[in-house]
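**Q** Right, I'll just put the structure down here and ask away after.
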Amino acid sequence: MNPVLSFREDLEDKNAGAFAAWAEVYDRQANPLLHLEQRFLERMLPDTNGRSILDLGCGTGRWLDRLARLGTPECSIGLDASPEMLAVAARRGLSGTNFIEAVLPSIPVSSASVDLILASFVLGYVDDLDLCASEMDRVVRDQGDAFITDMHPCTAIELGWERRFSLANSKHVLTAHHWPIAAVVQLMDQNGFELLALHEPCFGHPERAIFYSHNMLKEWQAAEERSAVYLLHFRKATKLRRQTTQGSLLIESAQCVLGDSEAVSADISIYQRNIRKTYRRKLGKDDPKLRINLDGYVLFPGLINAHDHLEFALFPRLGAPPYGNATEWALDIQDRFAPTIALHKRVPRATRLWWGALRNLLCGVTTVCHHNPIDPVFRDGGFPVKVMTGFGWEHSPQFAKDLCTAWEQTGSKEPFIIHACEGTDSTAARDLQVLKEADAIGPRTVLVHGLALNADDIQYLNGRGASLVACMSSNQFLFQQTASLEQVRLIERLALGSDSPLTAVGDLLDEIRFCRNVIGMSASMLYAAVTEEPVRILRLKEGEGRIVPGSPADVFAVRASSLTPAEQLASLSWQAVELVMVAGSVRLASSEMLARLPDSCVQGLNPITIDGVVRWLAAPTVQMFQAAADILGPDGVSLCGRRVSVKEL
């Protein structure tokens with residue numbers, strides 16, 4: 001059991017008795033406020049690898065446990081006034097965590113020793129807020145993060161909320177302050193913390209079930225459309241290190257997607273390619289000249305396409321299925337469709353790669369894993385999407401030049417990606433054994449397709465920490481079969497790829513709808529498979545797949561709806577995508593969106609018409625079309641089977 005150091009001295013804690021009684025049931029009693037806070041705060045927290053963490057008012061250790069799962073902290077400390085709460089936290093067995101019994105605002109921790117500090121539902125119990133902010137300033141290192149959450153003061157006062165719980169038919173009421181949010185922000189600012197994010201979410205459907213289970217229908221109805229909690233993210237920074245707003249861009253009034261069920265109204269400040277701040281209140285002094293009003297729109301993080309072959313974007317679907325394995329298909333089309341393949345390959349490779357980028361851009365993809373050698377064109381600053389680098393690969397066990405060498409030469413912190421088990425016959429199934437014999441299955445391993453994997457194979461891969469990128473519609477086309485929902489649910493690390501138009505149903509949004517409608521994958525699973533899961537599987541390090549301060553400004557916008565973010569994403573098609581930004585630069589806009597953009601944001605955008613729909617793209621569309629049409633003919637240029645044309649507008 002972790003030791004608990006006591007620094008209580010003669011300080012009084014007026015809620016001590018209530019917390020002592022609450023400790024044993026705190027984690028078992030459903031609390032809609034804590035549930036709502038957890039949903040949103042989990043979407044805001046950074047990677048904790050190598051960071052020193054301090055949880056103020058840690059209670060039973062619920063957040064220390066979750067912070068440990070976000071990485072491997074250098075060390076973590078839980079501070080609380082209740083010895084009973086700390087005893088429960090210590091029983092969690094959190095390795096490397098120390099516990100301190102102390103009453104805020106006292107923080108008996110060494111100065112400049114903390115990288116990340118969390119104060120969850122605790123400031124309301126602090127009498128001297130100024131001293132508490134000063135203590136946080138003392139212990140947090142420069143450029144360290146502070147996260148503060150609590151019950152929303154305005155709603156609490158208006159609805160007469162109390163901090164209470166019931167135990168053995170007895171109600172316990174705790175004494176607390178309703179500190180104004182502006183006061184908290186002002187004090188933190190005075191003590192060296194710059195506000196980066198402020199979110200004030202309302203209860204949603206997940207919390208409604210808690211209200212209903214406690215027969216609190218009236219309370220739910222009273223609170224339904226009111227902010228129930230607030231969440232603040234600060235960065236410790238001296239005035240010299242605080243960023244200027246000059247040259248920044250502000251996206252105003254959008255519904256900002258934080259997770260599969262989490263969206264908030266927010267203004268997004270973008271500076272030097274990254275998201276700088278995300279908050280709505282006019283609590284700061286930022287006044288950027290460049291603004292984009294997205295009232296009526298939802299802003300999603302740019303999607304991550306975990307598997308594509310960009311150079312085949314202009315190709316039609318080729319094959320005479322069903323096949324037993326992918327090698328059989330590859331050899332067949334080289335023979336059966338040789339003239340078609342030769343014709344399309346006459347289009348310059350660089351042009352074909354650009355078309356592959358546009359295929360992704362049109363559907364909101366901002367980062368692509370291209371399963372082929374990295375081409376110099378990708379390093380062109382004008383290339384419209386980010387193409388992932390920093391990974392090892394082979395085509396497949398059948399076509400590998402030297403599987404063992406490719407595996408060994410892949411960096412220890414890089415993924416190794418390979419087509420494998422692509423098919424339904426014994427040849428496809430044998431791929432797994434080949435990889436085993438090469439000792440090429442571990443946490444770095446990323447298999448693409450994996451249709452031939454059975455339940456035991458999947459459990460083996462899970463146990464080895466390996467991952468799978470699925471391209472379900474390609475499997476359905478080639479083999480007249482794809483993974484079942486039961487198989488998909490067994491896979492612990494799963495991302496989606498669009499593959500190429502040679503076999504796939506269309507783009508990544510088409511792939512998502514295919515997985516929803518044909519396989520029955522949940523909207524939440526699909527959302528994760530194109531955002532957070534490819535980040536983990538492909539080991540992306542820049543904050544992709546999220547809209548949080550510090551992450552790249554890779555986003556796309558669609559019209560707002562009443563659906564959850566995941567449900568809306570699962571129903572989208574490329575026609576719904578009206579704005580795409582990559583690294584803070586507008587790369588796609590609809591004609592309607594064009595009118596909302598500052599003049600400087602539309603420079604370099606050129607029109608293209610796809611199946612009668614006009615999009616403005618940061619691409620040389622006329623030259624691209626002409627280079628393809630010279631080979632394929634003006635009527636032969638199509639993208640995922642969609643007719644493409646370019647004309648002056």
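The values are calculated or read from the model by the stated rules, or taken from the named source; none is laboratory data. The shown structure was predicted, so the numbers you read here are calculated from the model rather than taken from an experiment. Please note: Cβ atoms are built from the backbone with ideal geometry, for glycine as well, and neighbour counts cover all protein chains shown. For accessibility, only protein heavy atoms count, side chains too; no ligands or nucleic acids. Shrake-Rupley method; radii C 1.70, N 1.55, O 1.52, S 1.80 Å.
**Q** Calculate, in whole percent, how much of the Cα-Cα pair population of the chain lies beyond 37 Å.
**A** 42
**Q** Starting from the Cα-Cα distance between Gln409 and Asp47, subtract it from 0.36 nm times their residue separation and give me the gain in nm to one decimal.
**A** Fully extending the segment from Gln409 to Asp47 adds 127.6 nm.
**Q** Starting from the Cα gyration tensor of the range 397-439, multiply each eigenvalue by 5, take the square root, and state the resulting semi-axes largest first in whole Å.
**A** Taking √(5λ) for each eigenvalue gives 21, 10, 9 Å, largest first.
**Q** When only Cα pairs under 8 Å and 6 or more residues apart are kept, what is the percent relative contact order across the range 523-583?
**A** Relative CO of the range 523-583 lands at 37 percent.
**Q** Also, I was wondering about something else. Averaging over every viewing direction, what projected area does the convex hull of the Cα atoms of the range 516-608 cover, in nm²?
**A** 7.8
**Q** Right, next: Could you provide, to the nearest whole Å², the per residue accessible area of the chain with probe 1.4 Å?
**A** Here the residues of the chain average 41 Å² of exposed surface.
**Q** Note down the relative contact order for the chain as a percent, whole number, built from C-alpha pairs under 8 angstrom at least six residues apart.
**A** Computed value for the chain: 12 percent relative contact order.
**Q** Right, another one. For a protection proxy built on the mean count of beta-carbon atoms within 10 angstrom, sort 316-327, 339-350, 364-375 highest first, please.
**A** 364-375, 316-327, 339-350
**Q** Distance between Cα centroids, the range 166-180 to the range 317-339: provide it in whole Å.
**A** 69
**Q** Under 12 Å between alpha carbons, and skipping anything fewer than 8 positions from Lys345 in its own chain: which aspartates and glutamates qualify?
**A** Straight-distance partners of Lys345: Glu311.
**Q** Still on this structure, please answer the following. State the percent of C-alpha pairs, over all pairs in the range 431-574, separated by a distance greater than 25 angstrom.
**A** 31
**Q** Using alpha carbon coordinates only, what is the Rg to Rh ratio of the range 408-484, with Rh defined as the Kirkwood radius?
**A** Reported Rg/Rh, Kirkwood definition of Rh: 0.97.
**Q** Can I ask one more? Whole number please: convex hull volume per residue, Cα atoms of the range 255-331, in Å³.
**A** 206
**Q** If you look at just the Cα atoms of the range 333-488, how large are its Rg and its Dmax in Å?
**A** 16.9, 46
**Q** Separate question: Take the Cα atoms of the range 290-373, find their three principal axes, and give me the spread along each one in whole Å, biggest first.
**A** 55, 30, 24
**Q** Rounded to the nearest 500, what is the chain's calculated 222 nm mean residue ellipticity when only DSSP H runs of at least 4 contribute -39500 (n - 2.57) each, over all residues?
**A** Rounded to the nearest 500, it is -8500 deg cm²/dmol.
**Q** If you average 1/r across every pair of different Cα atoms in the range 368-430 and take the reciprocal, what Kirkwood value do you get, in Å?
**A** 13.4
**Q** Could you list the residues of the range 554-595 with an amide nitrogen less than 15 Å from a label point located 7 Å from the Cα of Cys202 in the Cα-to-C-beta direction?
**A** Within reach of a label on Cys202, which here means backbone N under 15 Å from a point 7 Å along Cα→Cβ, the range 554-595 contributes 561-565.
**Q** Right, next: Excluding same-chain residues fewer than 8 positions from Lys289, which aspartates and glutamates have a Cα within less than 13 Å of its Cα?
**A** Glu252, Asp599
**Q** What value in Å³ per residue do you get for the convex hull of the alpha-carbon atoms in the range 104-195?
**A** Dividing the Cα hull volume of the range 104-195 by its residues yields 103 Å³.
**Q** Please compute the contact order of the range 392-489 in relative form: average sequence separation of alpha-carbon pairs under 8 Å and at least six residues apart, divided by the residue count, as a percent.
**A** 24
**Q** Now a separate question. Each label point is 7 Å from the Cα along the Cα-to-Cβ direction; what then is the distance between the points at Arg464 and Ile157, in nm?
**A** So the two model labels end up 6.1 nm from each other.
**Q** What per residue convex hull volume, in Å³, do the alpha-carbon atoms of the range 472-536 yield?
**A** 76
**Q** Next question, about the same structure. Round to a whole number: what % of the accessible area of the chain belongs to carbon and sulfur, probe 1.4 Å?
**A** On the chain, the fraction of accessible area on carbon and sulfur atoms equals 48 percent.
**Q** Figure the gain on full extension for Arg280 and Gln626 (residue separation times 0.36 nm, minus the Cα-Cα span) and round it to one decimal in nm.
**A** 120.0 nm
**Q** Can you give the extra length, in nm with one decimal, that the chain gains between His214 and Asp380 once fully stretched, where that is 0.36 nm per residue apart less the Cα-Cα distance?
**A** Full extension of this stretch gives 53.9 nm more.
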